[in-house]
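Working notes for the structure below.
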Amino acid sequence: MDEIEALAGDLATADQVVAFTGAGVSTASGIPDFRSEGGIWDQFDPSEFQYSRFQTDPAGFWELRAEMHEAVYGGDIQPNEAHNVLATLEADGLLDAVITQNIDGLHREAGSETVIELHGNGQRVACEGCGRRQPMTAVTQRIEDGELPPRCQSCDGVLKPDVVLFGEQLPQAPLQQAQQHAREADVFLAIGSSLSVQPAASLPSIAQRSGGTLAICNLESTPLSSGAAYDIRADVTDALPALLDAL
Ligand code: ZN
């Protein structure tokens, strides 16, 4: 725990602090991991969810997508201690932003306000015509009733999950905001991420090159662990409450 106390000291004196979260923060809430063995991509074929498939056959795409949505979010999914601590740190003025690779929307649900969702939000849909966004829950029943693909009630455009699909470009605006936060961070907290998915995985290095302190909290080693100032190998739902206690 000495490491956590030292990190708490750095956080307390830092001007800019940013957290970057990955799958480990979601799995602690019961969201299945997509890529691990027995994960979502063992149950569903990723090629069915390509952007090109959505464009050519949105009805077929949505039929399976609705099934996958139920498999991922069908249970009682709630923010966990890690989400809650990050929201508390922001409310206390100790954290400036959360950058996340996760698409479950749980940071906002926990109360975090400055959240940069690099891969979008799977609990929302966006209209391909007018861009209007709404919660997935607003269209779930319509899909079940056979509205395939679901369409916008304002402009009749086809609705798309508000996430980055395979074969689709990462939106540039959130990535640029994230890079800006990384450059300005005095402390960059990388939490529950294997730091292996690019370009997001380059953010901790951007922070380090700009003089920021890198703290990694993950159960397993990452490619950046040996060069990090803090390498905390612990469950995120243990480490973050301990960090909050130490502050
Ligand atoms: Zn529309």
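Only the coordinates and a few stated rules stand behind these numbers; no lab work does. In this text the structure is predicted, and so the values were computed from the model without any measurement. Reconstructed Cβ throughout: ideal geometry from the backbone, glycine too, with neighbour counts over all protein chains shown.
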(message) Output wanted: per-residue J couplings in Hz (rounded whole) for the range 22-32, from phi through Karplus 6.51 cos²θ - 1.76 cosθ + 1.60, θ = phi - 60°, x for Gly and Pro.
(response) x, 3, x, 6, 7, 4, 5, 9, x, 6, x
(request) Please state, rounded to one decimal and in Å, the Kirkwood hydrodynamic radius that the range 147-200 gives when every pair of distinct Cα atoms enters the mean of 1/r. (result) 14.5
(message) Taking just the alpha-carbon atoms of the range 135-247, what radius of gyration and Dmax come out, in angstrom?
(response) 19.5, 55
(message) With a cut-off of 8 Å between alpha carbons and a minimum separation of six or more residues, what is the relative contact order of the chain in percent?
(response) 25
(message) Just want the answer: with Cβ charges of +1 for Lys and Arg and -1 for Asp and Glu, which residue in Gln78, Gln50, Gly131 is farthest toward the dipole's positive end in the range 4-135?
(response) Gly131
(message) Can you divide the C-alpha Rg of the range 188-247 by 2.2 N^0.38 Å and report the result to two decimal places?
(response) 1.08
(request) Sort Val163, Val17 so the one with the fewest other Cβ atoms within 10 Å of its own Cβ comes first. (result) Val163, Val17
(request) Order by neighbour count: Glu90, Glu67, fewest other Cβ atoms within 10 Å first, most last. (result) Glu67, Glu90
(request) Pop out the Kirkwood hydrodynamic radius of the range 56-150 from its pairwise C-alpha distances, inverse of mean 1/r, in Å to one decimal. (result) 14.9
(request) Averaging over all projection directions, find the projected area of the Cα convex hull of the chain and quote it in nm² with one decimal place. (result) 13.0
(message) Explain nothing, just compute: Karplus ³J(HN,Hα) = 6.51 cos²θ - 1.76 cosθ + 1.60, θ = phi - 60°, for every residue of the range 41-56 in order, whole Hz, x for Gly and Pro.
(response) 7, 8, 8, 10, 8, x, 5, 6, 10, 5, 4, 5, 5, 4, 5, 8
